[in-house]
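Structure first, commentary second.
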Amino acid sequence: MPESRALDVVIVGAGFAGMYMLHRTRELGLSAIVFEAGSDVGGTWYWNRYPGARCDIESMEYSYGFDEDLQQEWEWTERYASQPEILRYADHVADRFGLRPHMRFDTRVTSATFDEAATCWTVRTDAGDEVSAQFVIMATGCLSSANMPVIDGAESFAGETYHTGQWPHEGVDFTGKRVGVIGTGSSGVQSIPVIAEQAAELVVFQRTPAYTVPARNGPLDPDERAKIKAEYSTFRATNRQMPAAFGSRLPASDRSALEVDAEERRAEYEYRWQKGLGLAFIGAFNDVLISPESNESAAEFVRSKIRDIVPDPEVARKLTPHQVIGCKRLCLDTGYYETFNRPNVELVDLRDTPIEAITPTGIRTTEGEHELDCIVYATGFDAMTGALLRIDIRGRDGLPLQEAWAAGPRTYLGLGVAGFPNLFTITGPGSPSVLTNMMVSIEQHVNWIADCMDHLRRQGHRTIEASEPAQDLWVEIVNAMAGITLFPTCNSWYLGANVPGKTRVFMPFVGFPMYAEKCTQVAQDGYEGFVLSG
Ligand code: FAD
Ligand code: NAP
């Protein structure tokens with residue numbers, strides 16, 4: 001039965017953000033519903049079931065910290081949890097906190113319209129629901145809107161087609177098949193080695209080579225796990241003080257790569273490579289993401305590893321990246337470069353031989369046709385704004401969000417948008433989100449939003465809305481912070497550069513602790529930069 005109720009809160013999305021938001025909302029005694037396009041909870045981990053999918057932040061950190069009992073009772077088994085294990089965790093959380101009765105699955109929100117006279121939102125779905133609510137909270141995910149490139153003839157392909165972010169639940173058996181994978185970002189890097197083991201032939205279509213470091217995943221040491229659990233809340237608090245909200249146990253550096261000689265530099269990179277310190281490879285020196293020279297030393301180290309691992313010089317050449325390392329998110333892998341030594345794997349460099357068309361029987365590049373039974377698109381997402389802009393969101397005076405963001409997303413703190421009262425975006429553009437351990441960013445945002453709604457209720461305010469001047473200044477600050485780094489120097493999805501026609505704006509805020517402090521201060525100052533009314 002379609003819903004037609006008046007509620008306090010509508011939450012869109014049942015990933016980790018939507019789940020925790022619902023929990024906090026219910027704790028406040030507010031009535032709420034969650035609409036979710038998928039058939040169950042988990043978001044990213046519900047959709048991304050491709051072979052090899054797992055987190056690249058250690059499991060002991062990539063989990064909720066809001067409930068001591070929850071974090072004590074849940075036992076992660078691997079250093080980097082696999083997608084099925086993370087999905088089981090989401091399922092457990094949904095049961096443990098009684099979330100599902102307040103969720104509507106298989107239901108996509110199509111529009112949200114602000115009614116100025118009634119100061120409430122009307123939310124409509126593709127299942128015919130029409131719900132009014134004082135607050136709308138978008139927990140729609142930064143990486144939930146699949147990017148399917150437009151390639152001539154794609155619909156004519158007679159074989160099977162998959163996107164890593166919309167993987168069939170029953171799994172895919174590639175045994176005996178000729179498989180083509182387009183894309184070599186994190187999803188490609190994780191799935192390619194696993195697909196190569198199963199498929200008869202694998203052709204990888206690479207546009208930009210990836211920098212990837214060995215994950216060295218394995219079972220979690222029970223003693224190590226117990227040690228963390230013995231002081232879990234302190235561990236979480238220390239991580240929140242880290243620039244990307246994770247990794248407090250990993251060795252940090254307060255030295256420039258240029259302060260030490262070449263031998264010492266190499267030794268430091270080698271240590272991190274061998275130990276499998278993951279994303280902290282970039283933290284070998286404090287200026288790898290700031291100084292082009294320092295960055296080049298880290299990049300060259302990975303290039304030398306590719307030459308060591310891949311004996312065929314032509315394949316090694318094609319695999320070798322030349323952009324700034326860390327500018328596109330660094331990947332963690334299990335046997336990625338090694339996979340290209342297999343006799344059943346071929347690497348096609350699209351910079352040398354671009355795709356001309358997809359045909360009924362395969363992919364045709366300028367060099368000729370590759371006959372395939374299956375094509376896997378590991379082509380990523382319309383990140384950060386994609387899921388929001390697919391909803392017809394209209395604020396004051398009927399202003400569409402699409403119009404307000406025509407020149408790129410504009411928010412105050414990544415939490416609110418001027419002209420869109422009582423609309424919150426969890427891990428929205430302009431917040432650290434994708435540059436951090438997302439679980440920490442999600443919890444920080446959910447807590448801020450819950451406290452804010454509580455404040456409004458207690459103070460008798462009906463609406464809260466970002467002010468234009470505060471938003472303008474924040475957009476400038478986000479850009480200025482990015483400008484200090486090397487992030488804007490490549491065509492990454494952080495900039496929207498992976499989607500043809502998307503405005504190029506660096507979307508996330510660099511630096512979690514400073515950001516979190518600012519949010520706390522804003523709240524303490526009576527929501528400075530926001531306008532409260534009613
Ligand atoms: P999501 O999990 O994306 O959930 C959003 C939900 O909203 C989805 O289920 C979607 O169906 C739903 N939705 C969207 N639009 C609508 C609509 N209009 N109507 C109804 N429902 C809608 N982050 C890390 O920090 N560490 C990692 O190791 C890591 N690994 C990742 C691996 C992969 C493969 C991917 C894709 C992302 C990874 N991320 C990682 C980022 C990850 O997205 C976040 O960590 C986190 O899971 C996001 O949770 P969320 O609830 O904000 O969004
Ligand atoms: P991605 O990083 O955007 O990579 C997409 C890949 O597809 C890139 O290699 C891109 O090439 C290529 N591509 C896109 N359009 C193409 C086209 N038209 N023709 C040829 N190639 C094309 O996407 P992703 O790998 O799904 O990862 C997205 C993000 O999700 C990650 O950065 C990470 O934050 C998260 N993630 C994390 C993990 C993990 O390890 N835990 C795993 C998967 C995803 P270009 O680089 O040239 O654009």
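What is the magnitude of the charge dipole of region 387-502 about its Cα centre, with +1 placed on the Cβ of each Lys and Arg, -1 on the Cβ of each Asp and Glu, and no other charges, expressed in debye to the nearest 20? Kindly include the intermediate steps, with their values, before the conclusion.
Working: 8 positive and 10 negative charges, 41 e Å.
Approximately 200 debye in magnitude.
Counting only alpha carbon atoms, the long axis of helix 83-96 and the longest principal axis of the chain meet at about 20°.
So what is the relative contact order for region 1-129, in percent, with contacts set as C-alpha pairs under 8 Å and at least six apart? Don't jump to the answer; show the numbers that get you there.
On the way: 177 pairs, mean separation 36.2, N = 129.
Normalised by residue count, the contact order of region 1-129 is 28 percent.
If 303, 96 are ordered by their accessible area, calculated over protein heavy atoms with a 1.4 Å probe, which sequence runs from highest to lowest? All intermediate terms of the calculation are to be shown ahead of the outcome.
Numbers: 303 15, 96 85 Å².
Ranking 303, 96 by accessible area, largest first, yields 96, 303.
Think of region 1-147 as having a plus end and a minus end, set by charges on the Cβ of Lys, Arg, Asp and Glu; of 118, 128, 80, 128 sits farthest toward the positive end of this dipole. Full extension of the chain between residue 350 and residue 503 yields a length gain of 52.7 nm, computed as 0.36 nm times the residue separation minus the alpha carbon distance. Helical content of the chain, expressed as a calculated mean residue ellipticity at 222 nm, amounts to -9500 deg cm²/dmol (DSSP H runs of 4 or more residues, -39,500 (n - 2.57) each, divided by residue number, nearest 500).
Looking at the chain, how many pairs of lysines come closer than 23 Å at the Cα, when each pair is eight or more places apart or spans two chains? The number of close lysine pairs in the chain is 8. Between residue 266 and residue 75, the modelled label-to-label distance comes to 4.5 nm, taking each label 7 Å out from Cα in the direction of the beta carbon. Three principal axis extents describe the C-alpha atoms of region 441-534; from largest down they are 47, 27, 22 Å.
Against the chain, whose longest principal axis comes from its Cα atoms, helix 262-275 is set at around 70 degrees.
Taking 0.36 nm per residue of separation and subtracting the current Cα-Cα distance, fully stretching the chain between residue 221 and residue 92 would add 44.2 nm. The modelled label-to-label distance between residue 314 and residue 255, using points 7 Å beyond Cα along the C-beta direction, is 4.2 nm.
With R₀ fixed at 45 Å, the C-beta to C-beta distance from residue 307 to residue 108 puts the FRET efficiency at about 0.40. Each Lys and Arg adds +1 at its Cβ and each Asp and Glu adds -1 at its Cβ; summed about the Cα centre, region 342-439 shows a dipole of about 700 debye.
Between region 255-302 and region 182-207, what's the alpha-carbon centroid distance in Å? About 27 Å separates the Cα centre of region 255-302 from the one of region 182-207.
Could you please state how large a percent of the accessible area of region 120-165 is carbon and sulfur, counting protein chains only and using a 1.4 Å probe?
On the way: 850 of 1720 Å².
Carbon with sulfur: 49 percent of the solvent-accessible area.
Within region 172-278, the GluC sites (Glu not before Pro) that combine a DSSP coil assignment with at most 14 other C-beta atoms in a 10 angstrom radius are 231.
What FRET efficiency comes out for residue 175 versus residue 361 if R0 is 25 angstrom and r is the Cβ-Cβ distance? Round to the nearest 0.05.
Details: r = 20 Å, r/R0 = 0.79.
Here the calculated transfer efficiency is 0.80.
Approximating the spin labels as points 7 Å out from Cα along Cα→Cβ, the residue 517-to-residue 28 distance works out to 2.7 nm. Rolling a 1.4 Å probe over the heavy atoms of the protein chains gives the chain an accessible area of 40 Å² per residue.
For the pair residue 290 and residue 233 in one chain, pulling the backbone fully straight at 0.36 nm per residue adds 17.3 nm over the alpha carbon distance. By the beta carbon rule, with partners counted only under 4.7 Å, the chain holds these lone Cys residues: 55, 120, 142, 331, 374, 452, 519. When +1 charges are put on Lys and Arg Cβ atoms and -1 charges on Asp and Glu Cβ atoms, the dipole computed for region 168-294 relative to its Cα centre reaches about 420 debye. Within the accessible surface of region 330-484, defined with a 1.4 Å probe on protein heavy atoms only, the carbon and sulfur portion equals 50 percent.
The values are calculated or read from the model by the stated rules, or taken from the named source; none is laboratory data. This one's a predicted model, so the numbers in the text were calculated from it and none came from an experiment. Neighbour counts are summed over all protein chains in view; Cβ atoms, including those assigned to glycine, are modelled from backbone coordinates with ideal geometry. Quick note on the areas: whole protein, heavy atoms, side chains included, nothing else; ligands and nucleic acids left out. Shrake-Rupley method; radii C 1.70, N 1.55, O 1.52, S 1.80 Å.
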